[in-house]
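What follows is a set of notes on a single structure, which appears directly below.
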Amino acid sequence: MHKQIFVNLPISDMQKSQDFFKRLGFTFNPDFTNDQGACMIIGDNIYAMLLVKDYFQTFTGKPVADATKSTEVLIALSCESRAEVDDLVARAIAGGGAAPRQPQDHGFMYAHGFEDLDGHIWEVLYMVPEGAPDA
């Protein structure tokens, strides 16, 4: 059996968050989406659960981090090409997100990223099939 991963993220506005990620090309599983949480499909067996902050809080006794003020996680997402990296970041910015830094070109890896509407950082990257050079 293949493992699944569910990254749970607190959000402020369900509709705005879903609209933002739909503009980036993501879809949602309607069987696991309601006004409290939305199951965003990232890839085979990889999902992000967008959970309204009050509902997110029911899963932990700790304070919920404000991702606009501190970094609680960096979500890294691979892409098929450099062009896909640039396109995804451009669409995120056009949809109200932000780019926290300039693109990084390491030769074997090209990376950029965006912050979503709630400040969560999504690193998007393309690695050439040959991989990193020998150290």
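Summary of values
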read-out	value
Region 109-124, residues that are free of Cβ contacts under 8 Å to residues at least 40 places away in the same chain, out of contact with any Asp or Glu (no Cβ under 7 Å at 6 or more places or on another chain) and of a type in the set (A, V, I, L, M, F, W, C)	Met109, Phe114
Residues that are in contact (Cβ under 8 Å) with a residue 24 or more places away in the chain, out of contact with any Phe, Trp or Tyr (no Cβ under 9 Å at 6 or more places or on another chain) and not polar (S, T, N, Q), drawn from region 1-19	His2, Lys3, Asp13, Met14, Lys16, Asp19
Of all residues in region 87-133 being assigned to a loop (DSSP other than H, G, I, E, B), of a type in the set (Asp, Glu) and within 16 Å of the chain's Cα centre (by Cα), the one that is surrounded by the most Cβ atoms within 10 Å (Cβ to Cβ)	Asp116
Selection count, region 26-64, where residues are touching a residue at least 24 places away in the same chain (Cβ under 8 Å) and either of a type in the set (A, V, I, L, M) or under 19 Å from Gly97 (Cβ atoms) (or both)	10
Selection count where residues are part of a strand (DSSP E or B) and touching a His at 6+ places or on another chain (Cβ under 6 Å), scope region 1-56	1
Matching option when the condition is within 20 Å of Phe114 (Cα to Cα), over 13 Å from the mean Cα position of the chain (by Cα) and either surrounded by 13 or more Cβ atoms within 10 Å (Cβ to Cβ) or acidic (Asp, Glu) (or both), among Asp54, Asp35, Asp66, Asp31	Asp66
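Read-outs throughout are calculated quantities, based only on the coordinates presented, and are distinct from any laboratory measurement. Predicted model only: the values in this text are computed from it and were never measured. When we count neighbours, we look across all protein chains shown, and the Cβ atoms used for this are built from the backbone with ideal geometry, even at glycine.
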